[in-house]
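Notes for the one structure printed next.
The values are calculated or read from the model by the stated rules, or taken from the named source; none is laboratory data. Source: prediction; values computed, not measured. As a convention, Cβ positions derive from the backbone with ideal geometry for all residues, glycine included, and neighbour counts pool all protein chains shown. Heavy atoms of the whole protein, side chains included, go into the accessibility calculation; ligands, DNA and RNA do not. Shrake-Rupley method; radii C 1.70, N 1.55, O 1.52, S 1.80 Å.
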Amino acid sequence: VMAASKPVEAPGGGGTAGLPRWQLALVLGAPVLLGAGAIYLWGRRAARRGKGASERKTPEGRASPGPGGEGGSGQPDGPGHEEMSPLGRAQAAKNKGNKYFKAGKYELAIQCYTEAISLCPPEKNLDLSTFYQNRAAAYEQLQKWTEVAQDCTKAVELNPKYVKALFRRAKAHEKLDNKKECLEDVTAVCILEAFQNQQSMLLADKVLKLLGKEKAKEKYKNREPLMPSPQFIKSYFSSFTDDVISQPLLKGEKSDEDKDKEGEASEVKENSGYLRAKQYMEEENYDKIISESTKEIEAKGKYMAEALLLRATFYLLIGNAGAAKPDLDQVISMEDANVKLRANALIKRGSMYMQQQQPVLSTQDFNMAADIDPQNADVYHHRGQLKILLDQIEEAVEDFDECIRLRPNSALAQAQKCFALYRQAYTGSNALTVQAAMKGFEDVIKKFPKCAEGYALYAQALTDQQQFGKADEMYDKCIDLEPDNATTYVHKGLLQLQWKQDLDKGLELISKAIEIDNKCDFAYETMGTIEVQRGNLDKAIEMFNKAINLAKSEMEMAHLYSLCDAAYAQTEVAKKYGLKPPTL
């Protein structure tokens, strides 16, 4: 898992200090309060434009609330003072109900609100909607969720933009486990309140995450295994240097043998599934690797441990963690196998546990790897990345230091150490340490001018610091070094949006990423997010679905379903209430 493969969240949640909310929505699995859904993508813009709904409060005593009552209040709407016409009698019954409500006598309050509903002239829509909403509030106190939802539905039919009733119905749907309906209601509330109310935002976030997890579990179980692009596979293997199975073994074999024995070497290759798999790997013929490794394993050949590890690695790459685990378990338990193989298997199983959100098991595997192979730099490099994800920055820096001590030329570990120090400084809002971390990046790119990851991580830090022009230059350096790395084009595309609000340029760069690697899920995800920004929700949903089919883990898939569901909920709200968030 490369640290720079996805944007990293900035503390602060939006506005000018950190990343804007629409970019926060791209953060994968990061602990961002409002990170789950595209529903929040307009947060800042809405805050600037957001007059109206969120600013209108229902004054006490006003009989007819407008669309924007206070969404969060558990109180019924206040007393009116009308003459004793039919409407006046209904108001009097409601006022009596309000007194009972405040005294905690909810059954009596319900009787009064029911009387108000029967007395109210049917053409008095707004008054009638208030009575239904007040009765729903009393039912809510008694936890009668079906009745709450029914009364809120009546209130909304009479007054379609009645925020208080919509939010109360959303909460009832949550209790009734009607997630889709809950999401639609809370989406309407968020838009009506111009994304200003924390309570409704948190409910939306919660239900999006639950929906995402539920759908991802089902989809991941039944997904078709999919081989990633050659670029992705090569990038994955390049993050290991002490990895026996990714070394070009055949050349090594030949150098151990006399020239006249070359014929014998090719005979071994013919009979060994593992050596054939290695040959296919060099030819980038990745689809044949699992079947050739299986032949070696079934024959209990000389390279059985290597074949198990190679097969497990490709199972992980195609997203089949269930098949990878028993192979990794077997390698780890082979006491007499090469310790480098066992340590590599532990790193891979530990990373798999992290993707499955099991950090305790993950940490155990990395610690065991360090115990059995303390001189293995890969262990510290990958454990350092795990610690960044767990927000244990000091421990991450220690691990990167150990990796650098063992492998002084590891540009990757030096760049990631800088990034860890930068995150620590940025989170602590310490200007001096931020400056020191930025200088650290300059040192790394001077010392390792050929390390693309150094430029990529520096560019992310520069973007945080609003140094957009320089960040753009860093991405150009990455592209010069790795012209076939699709992720860099996506980052550069995102930068155009944040820097110049240039949607066309952003989309052009992201399209270029897809051209380079049509299996780049990050590119489709970002494109979907931009289409949401532009108000093209159907196109956005199509992009999110493409990303879902390419996602490499259940966690990633859950995040993408959250984005997709948020966009879908908005299309439904637009149809039902004619409500649309502001677009770019």
Along the stretch 355-371, what does the Karplus equation 6.51 cos²θ - 1.76 cosθ + 1.60 (θ = phi - 60°) give for ³J(HN,Hα), rounded to whole Hz, x for Gly and Pro?
5, 8, 6, 10, x, 5, 5, 4, 4, 4, 5, 5, 5, 5, 4, 5, 5
Would you grab the residues whose amide H sits under 5 Å from the one on ARG534? Only those 5+ places off in sequence or on another chain, please, with H modelled 1.01 Å from N.
LEU584
If you find the alpha carbon centre of the stretch 303-321 and of the stretch 369-408, how far apart are they in angstrom?
23 Å
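Determine the per residue accessible area of the stretch 515-559 with all protein chains present and a 1.4 angstrom probe, expressed in square angstrom.
On a per-residue basis, the stretch 515-559 sits at 33 Å².
Once you've got the Cα coordinates, tell me which of LYS179/LYS206; LYS470/LYS552; LYS215/LYS348; LYS387/LYS519; LYS144/LYS215; LYS206/LYS576 are over 20 Å apart.
Result: LYS470/LYS552; LYS215/LYS348; LYS387/LYS519; LYS144/LYS215; LYS206/LYS576 exceed 20 Å.
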Sorted by packing (mean other beta-carbon atoms within 10 Å per residue), highest first, where do 328-337, 492-501, 478-487 land?
492-501, 478-487, 328-337
Sorting SER246, SER511, SER429, SER293 on solvent-accessible surface, 1.4 Å probe, most exposed first, gives SER429, SER511, SER246, SER293
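Based on the mean of other beta carbon atoms within 10 Å per residue, what is the order of 378-386, 223-231, 392-400, 184-192, most packed first?
Values: 378-386: 25.2, 223-231: 14.8, 392-400: 20.3, 184-192: 28.0.
Result, highest mean first: 184-192, 378-386, 392-400, 223-231.
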Leaving out ligands, DNA and RNA but keeping every protein chain, what accessible area does TYR315 have, in Å² rounded to the nearest 10, with a 1.4 Å probe?
40 Å²
Got a number for carbon plus sulfur as a percent of the stretch 86-222's accessible area, 1.4 Å probe?
50 percent
Of the peptides 161-169, 415-423, how do they stack up when ordered by the mean number of other Cβ atoms within 10 Å, highest first?
161-169, 415-423
Ignoring ligands, DNA and RNA, how do MET304, MET84 rank by accessible area with a 1.4 Å probe, largest first?
MET84, MET304
Provide the per-residue ³J(HN,Hα) series for the stretch 450-463, in order, calculated from phi with Karplus coefficients 6.51, -1.76, 1.60 and θ = phi - 60°, each as a whole number of Hz, with x at glycine and proline positions.
9, 8, 4, 4, x, 5, 5, 5, 4, 4, 5, 5, 4, 4
For the stretch 125-140, take each phi angle, set θ = phi - 60°, evaluate the Karplus expression 6.51 cos²θ - 1.76 cosθ + 1.60, and give the result in whole Hz per residue in order, putting x for glycine and proline.
3, 5, 5, 4, 4, 4, 5, 4, 5, 5, 5, 4, 4, 5, 4, 4
Once the piece of chain linking GLU107 and LEU361 is laid out straight, how much longer is it, given 0.36 nm per residue of separation minus the C-alpha distance between them?
86.3 nm
Pairs LYS221/LYS288; LYS477/LYS546; LYS180/LYS575; LYS512/LYS539; LYS505/LYS580: which are spaced more than 20 Å apart, C-alpha to C-alpha?
LYS221/LYS288; LYS477/LYS546; LYS505/LYS580
Please report the spacing between the Cα centers of the stretch 430-454 and the stretch 206-246 in Å, no decimals.
30 Å
What shape does the stretch 86-222 have by the C-alpha gyration tensor, where a ≥ b ≥ c are the square roots of the eigenvalues, rounded means a/c under 1.5, and otherwise prolate means a/b greater than b/c and oblate the rest?
prolate
Can you list the aspartates and glutamates whose alpha carbon is less than 15 Å from that of LYS295, not counting same-chain residues fewer than 8 positions off?
GLU270, ASP287, GLU306, ASP327
At 1.4 Å probe size, with every protein chain present, just tell me what the per residue accessible area of the stretch 86-222 comes to in Å².
43 Å²
